[in-house]
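Below: one structure, written as structure tokens.
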């Protein structure tokens, strides 16, 4: 309500220009003027300041062949300014270095089975992997971690039914992969997968997006007008435990007939007549179905029906514009789209309008990692001047929020 | 992104002060200074302008007994500045005059059965009722209409399964109850019931609210951080058609096993062994259950179980802070809370956290009417200077958005 101060305006301008470059890619300075509504001299000074902070680079002015002065091209400095994305899944973990601007420099699987080996061993393994990965990366501006469980932004894990973890403070447990003084963020894998797809994937520009994650467990998350819908406690989107079959099969969560008992990985294996610890997992059944194995085909067809059934219910509740199927469900959709869409149509209230677009994830296994890194970038972009280049002397009284790792 | 102009700031100040008075009731001028962060002289000039616009009244300065100068009390002018709220339900319609600040001056039932008599007769009946109701109300600032169907803000009705209406342009059909030049707004009854409860009822201050409407049909709506979650096409919240019983009983929407087939009014009557056109409706069954009629008790117990089952699913999807049961479901909750909560607990993923508060509506039958009027008030409050007092000369070039009716 009060008139914004000069400091607030300056920060807002830095933030707006950096966000445009982070989300929209390299741009001519003249285009930044148009996109922000700021005048030329303000854009010039904002870009200068971002450049001094080491967050953007400018290439020489080039003429685009039209009249008028040539305009310099400005770009987020994704080579030097990076975030770490971590994903802790049920039987695997992954870590990535992602540059400002969204380029995934490198991602590697960590040699660990979190559900079997527990939180401490998992943390150590991720920490060791991070040392190698961060070699020569002096400017880590933040760490985002996606967890396959019900975790809030501060890293308090209430429960992860498939991980078998509960009541953990992941923020303190994640020290092994946290460079000192670097801000850390946590989120549920589906919520961060949704954010990844919204910022960098097939969900880009969708005003009303629902993302479905599928691995050992089934999760979901909605993003409305760019805002992640996390719920009162951060535990929205537990669609895997939406009961679709009252009194049905027992679920790992303690309830019965959850959607996960019909479309989760164990269900896929069970329906195909395989043991639930089968190494091939859902991918193996999908491959067998492609080769025409009758039991596998029947199993995937059944899963496709239940997938459409649940999506129809979600559509009735939230009226999404785009529904993104992640994990192996993207393959189920690709192969059996007709079954999925017929079941959605049967369940969805007839609106006389187009049903939501049901699409396969484009980021695939990287979705949650990319989304996790976005949490760290958001923090930087909210106040770009908070960061300092390594080696530069901080003015007394300002805190150093960036430091090189290892 | 650009620096806000003086005009924008003035409008924002008028808007902020008027919203405080509309939502928070009468306040001392000194308290407005604290609440807005504006300085005394700005508040003085803002209140003066709102007073000139006829939107607020000031009472004489009174001392509150403490030191310092006495401060005038400012109040929204709810006696003179009113909105019309209309509700078109399946077998009834209702109209109300509601003052700025939220006071329901008068609400009356309209003699019409919309489903049986159709849209044209319904519109005429509401129009006739409005003439009487608006006698001596010169300043109607807008009309909000709640419809028991899938309608967007502009009044395009896609379908109302229980009304039996579809593909209608309600905006042009509603001329009989629209004073000329007055802005009109439309919404689904559940979405507006949620807004009513959020602004004026038991949902006040809930950051994550889910409202369940129950009459002939079952509807729902979510409000997150004060924002109505309407979905991509404005059709979110169709929880009555969430399928809870795949392959179950046929529903009016064409699907099978919808939640409405288990907790809707027809279901209540069916389970109690009554005809679905029984005049007593769900209220009659609830009354009989209170008197101990065995069949009625069994019916309501069964409905309570299905109510909890659906709410558990909604909780898994959206993690609400507060769930408000409207219509006769507020009575089901009051009488059979244990069954409802036990079923929610069975379905809800164990989070180790408090489950949402499940509460009965406090606005009751007025919820949707109150919410509908809030749409009109929102429009006024966004730009309070748009309104002109009747009889005042409008400066050339400005449009008259307010006129007395009949």
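Picking from A:153, A:216, which residue would you name as being touching a residue at least 24 places away in the same chain (Cβ under 8 Å), within 22 Å of residue B:318 (Cα to Cα) and touching a helix residue (DSSP H, G or I) at 6+ places or on another chain (Cβ under 7 Å)?
Criteria check complete, one pass: A:216.
For the stretch A:13-56, what are the residues that are within 14 Å of another protein chain (Cβ to nearest Cβ) and within 18 Å of residue A:81 (Cβ to Cβ)?
A:14, A:15, A:16, A:17, A:18, A:19, A:20, A:46
What residue, of A:169, A:180, is assigned by TED's automatic domain parsing to the domain that holds residue A:124 and without any contact (Cβ under 8 Å) to a residue 40 or more places away in the chain?
On the way: A:180 fails: without any contact (Cβ under 8 Å) to a residue 40 or more places away in the chain.
Only one candidate qualifies: A:169.
Just to be sure before I move on: is residue B:283 out of contact with any strand residue (DSSP E or B) (no Cβ under 6 Å at 6 or more places or on another chain), more than 14 Å from chain A (Cβ to nearest Cβ), touching a residue at least 40 places away in the same chain (Cβ under 8 Å) and surrounded by fewer than 22 Cβ atoms within 10 Å (Cβ to Cβ) in the structure I sent?
On the way: out of contact with any strand residue (DSSP E or B) (no Cβ under 6 Å at 6 or more places or on another chain): yes; more than 14 Å from chain A (Cβ to nearest Cβ): yes; touching a residue at least 40 places away in the same chain (Cβ under 8 Å): yes; surrounded by fewer than 22 Cβ atoms within 10 Å (Cβ to Cβ): yes.
Here the answer is yes, as residue B:283 does meet what is asked.
Any chance the stretch A:44-54 includes a residue that's in a loop (DSSP other than H, G, I, E, B), buried (at least 16 other Cβ atoms within 10 Å of the Cβ), at pLDDT 90 or above and outside the structural domain of residue A:370 (by TED's automatic domain parsing)? Don't jump to the end; show me each part of the working.
Going residue by residue through the stretch A:44-54, those that are in a loop (DSSP other than H, G, I, E, B) are A:53-54.
Now narrow it down to the ones that are buried (at least 16 other Cβ atoms within 10 Å of the Cβ): A:53-54.
Adding the requirement that they be at pLDDT 90 or above leaves A:53-54.
Cutting the leftovers down to outside the structural domain of residue A:370 (by TED's automatic domain parsing) gives us A:53-54.
The answer is yes; a qualifying residue exists.
Condition first: part of a loop (DSSP other than H, G, I, E, B) and crowded, with 18+ Cβ neighbours inside 10 Å. Now tell me which residues in the stretch B:356-367 satisfy that. Don't jump to the end; show me each part of the working.
Here is the first cut: in the stretch B:356-367, the ones part of a loop (DSSP other than H, G, I, E, B) are B:356, B:361-363.
Selection gives B:356, B:361, B:363.
Have a look at B:142, B:164 and point out the one that is at pLDDT 85 or above and either in the same structural domain as residue B:258 (by TED's automatic domain parsing) or surrounded by fewer than 17 Cβ atoms within 10 Å (Cβ to Cβ) (or both).
Numbers: B:142 fails: either in the same structural domain as residue B:258 (by TED's automatic domain parsing) or surrounded by fewer than 17 Cβ atoms within 10 Å (Cβ to Cβ) (or both).
Sole residue among the options that is at pLDDT 85 or above and either in the same structural domain as residue B:258 (by TED's automatic domain parsing) or surrounded by fewer than 17 Cβ atoms within 10 Å (Cβ to Cβ) (or both): B:164.
Pull up the stretch A:309-348, narrow it to residues that are buried (at least 24 other Cβ atoms within 10 Å of the Cβ) and part of a loop (DSSP other than H, G, I, E, B), then point me to the one that is modelled with the lowest pLDDT.
Step by step, filter the stretch A:309-348, then rank; the result is A:348.
Tell me whether the stretch A:315-332 contains one or more residues that are more than 24 Å from the chain's Cα centre (by Cα) and in the same structural domain as residue A:357 (by TED's automatic domain parsing).
yes
Quick check, is residue A:303 in contact with a strand residue (DSSP E or B) (Cβ under 8 Å, 6 or more places away or on another chain) and more than 10 Å from chain B (Cβ to nearest Cβ)? Explain how you work it out, then say what you get.
Numbers: in contact with a strand residue (DSSP E or B) (Cβ under 8 Å, 6 or more places away or on another chain): no; more than 10 Å from chain B (Cβ to nearest Cβ): yes.
Taking the combined requirement at face value, the residue does not satisfy it.
Based on this model, can you work out whether residue A:370 counts as within 13 Å of another protein chain (Cβ to nearest Cβ), buried (at least 21 other Cβ atoms within 10 Å of the Cβ) and under 30 Å from residue A:184 (Cα atoms)?
Working: within 13 Å of another protein chain (Cβ to nearest Cβ): no; buried (at least 21 other Cβ atoms within 10 Å of the Cβ): yes; under 30 Å from residue A:184 (Cα atoms): yes.
So residue A:370 fails the test.
Could you list, in sequence order, all residues of the stretch B:192-229 that are closer than 14 Å to residue B:359 by Cβ, within 11 Å of another protein chain (Cβ to nearest Cβ) and not in a loop (DSSP other than H, G, I, E, B)?
B:208, B:209, B:210
So which residues in the stretch A:70-100 are farther than 20 Å from residue A:122 by Cα, touching a helix residue (DSSP H, G or I) at 6+ places or on another chain (Cβ under 8 Å) and surrounded by fewer than 22 Cβ atoms within 10 Å (Cβ to Cβ), if there are any at all?
Correct list: A:71, A:72, A:73, A:75.
Quick check, is residue B:179 surrounded by fewer than 22 Cβ atoms within 10 Å (Cβ to Cβ), more than 13 Å from the chain's Cα centre (by Cα), more than 11 Å from every other protein chain (Cβ to nearest Cβ) and modelled with pLDDT under 90?
Numbers: surrounded by fewer than 22 Cβ atoms within 10 Å (Cβ to Cβ): yes; more than 13 Å from the chain's Cα centre (by Cα): yes; more than 11 Å from every other protein chain (Cβ to nearest Cβ): yes; modelled with pLDDT under 90: yes.
So residue B:179 passes the test.
Filtering the stretch A:387-406 down to residues that are touching a helix residue (DSSP H, G or I) at 6+ places or on another chain (Cβ under 7 Å) and either at pLDDT below 50 or not in a loop (DSSP other than H, G, I, E, B) (or both), which residue is surrounded by the most Cβ atoms within 10 Å (Cβ to Cβ)? Break it down stepwise before answering.
First, pick out the residues of the stretch A:387-406 that are touching a helix residue (DSSP H, G or I) at 6+ places or on another chain (Cβ under 7 Å): A:387, A:401, A:405-406.
Next, from what is left, pick out any that are either at pLDDT below 50 or not in a loop (DSSP other than H, G, I, E, B) (or both): A:401, A:405-406.
On the way: A:401: 17, A:405: 19, A:406: 13.
Step by step, filter the stretch A:387-406, then rank; the result is A:405.
For residue B:172, are the conditions met, namely being part of a helix (DSSP H, G or I), modelled with pLDDT under 95 and in contact with a helix residue (DSSP H, G or I) (Cβ under 9 Å, 6 or more places away or on another chain)?
Working: part of a helix (DSSP H, G or I): yes; modelled with pLDDT under 95: yes; in contact with a helix residue (DSSP H, G or I) (Cβ under 9 Å, 6 or more places away or on another chain): no.
No, not satisfied.
If you go through the stretch A:262-271 one residue at a time, do you hit one that is under 30 Å from residue A:153 (Cβ atoms), in contact with a strand residue (DSSP E or B) (Cβ under 8 Å, 6 or more places away or on another chain), surrounded by 15 or more Cβ atoms within 10 Å (Cβ to Cβ) and touching a residue at least 60 places away in the same chain (Cβ under 8 Å)? Show your work before the answer.
Looking only at the stretch A:262-271, we keep the residues that are under 30 Å from residue A:153 (Cβ atoms), and these are A:263-266.
Retained after the next criterion (residues that are in contact with a strand residue (DSSP E or B) (Cβ under 8 Å, 6 or more places away or on another chain)): A:263-265.
Right, trim to surrounded by 15 or more Cβ atoms within 10 Å (Cβ to Cβ) and you get A:263-265.
After this cut, where a residue has to be touching a residue at least 60 places away in the same chain (Cβ under 8 Å) as well, the list is A:263, A:265.
Yes, the conditions are met somewhere in the stretch A:262-271.
Using the structure shown, decide if residue A:299 is more than 27 Å from residue A:236 (Cβ to Cβ), touching a helix residue (DSSP H, G or I) at 6+ places or on another chain (Cβ under 9 Å) and either surrounded by fewer than 24 Cβ atoms within 10 Å (Cβ to Cβ) or modelled with pLDDT under 95 (or both).
Numbers: more than 27 Å from residue A:236 (Cβ to Cβ): yes; touching a helix residue (DSSP H, G or I) at 6+ places or on another chain (Cβ under 9 Å): yes; either surrounded by fewer than 24 Cβ atoms within 10 Å (Cβ to Cβ) or modelled with pLDDT under 95 (or both): no.
For residue A:299, the condition - more than 27 Å from residue A:236 (Cβ to Cβ), touching a helix residue (DSSP H, G or I) at 6+ places or on another chain (Cβ under 9 Å) and either surrounded by fewer than 24 Cβ atoms within 10 Å (Cβ to Cβ) or modelled with pLDDT under 95 (or both) - is not met.
How many residues are outside any strand (DSSP E or B), farther than 13 Å from residue A:178 by Cα and touching a strand residue (DSSP E or B) at 6+ places or on another chain (Cβ under 6 Å) if we restrict to the stretch A:126-147? Lay out the reasoning, then the answer.
Of the stretch A:126-147, the ones outside any strand (DSSP E or B) are A:126-138.
Within this subset, residues satisfying the condition of being farther than 13 Å from residue A:178 by Cα are A:132, A:135-138.
Next, only the ones that are touching a strand residue (DSSP E or B) at 6+ places or on another chain (Cβ under 6 Å) stay: A:137.
Qualifying residue count, the stretch A:126-147: 1.
Given the conditions (1) facing another protein chain (nearest Cβ under 8 Å); (2) within 30 Å of residue B:207 (Cα to Cα); (3) surrounded by fewer than 24 Cβ atoms within 10 Å (Cβ to Cβ), and given that residue A:245 satisfies all but one, which numbered condition is not satisfied?
Going through the list (1) facing another protein chain (nearest Cβ under 8 Å); (2) within 30 Å of residue B:207 (Cα to Cα); (3) surrounded by fewer than 24 Cβ atoms within 10 Å (Cβ to Cβ), residue A:245 breaks only (2).
Only one residue in A:360, A:294 is more than 14 Å from chain B (Cβ to nearest Cβ) and either within 25 Å of the chain's Cα centre (by Cα) or closer than 29 Å to residue B:319 by Cα (or both). Which one? Let's see the steps before the verdict.
On the way: A:294 fails: either within 25 Å of the chain's Cα centre (by Cα) or closer than 29 Å to residue B:319 by Cα (or both).
Checking each option against the conditions leaves just A:360.
Here's the yes/no breakdown for (1) crowded, with 24+ Cβ neighbours inside 10 Å; (2) in contact with a helix residue (DSSP H, G or I) (Cβ under 9 Å, 6 or more places away or on another chain); (3) modelled with pLDDT under 95:
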| site | (1), (2), (3) |
| --- | --- |
| A:222 | yes, yes, no |
| A:236 | yes, yes, yes |
| A:259 | yes, yes, no |
| A:277 | no, yes, yes |
| A:287 | no, yes, no |
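Would you check if there is a residue in the stretch B:150-159 being at positive phi, in a strand (DSSP E or B) and surrounded by fewer than 22 Cβ atoms within 10 Å (Cβ to Cβ)?
Filtering the stretch B:150-159 for residues at positive phi gives B:155.
Next cut, in a strand (DSSP E or B) only: none.
Among the residues of the stretch B:150-159, not one is at positive phi, in a strand (DSSP E or B) and surrounded by fewer than 22 Cβ atoms within 10 Å (Cβ to Cβ), which makes the answer no.
Kindly indicate which of A:349, A:323, A:332, A:340 is in contact with a helix residue (DSSP H, G or I) (Cβ under 7 Å, 6 or more places away or on another chain), within 18 Å of residue A:244 (Cβ to Cβ) and facing chain B (nearest Cβ under 10 Å).
Numbers: A:323 fails: facing chain B (nearest Cβ under 10 Å); A:332 fails: facing chain B (nearest Cβ under 10 Å); A:340 fails: facing chain B (nearest Cβ under 10 Å).
Result of the check over A:349, A:323, A:332, A:340: A:349.
The values are calculated or read from the model by the stated rules, or taken from the named source; none is laboratory data. Just so it is clear, the structure is predicted and the values come from calculations on it, not from any experiment. Please note: Cβ atoms are built from the backbone with ideal geometry, for glycine as well, and neighbour counts cover all protein chains shown.
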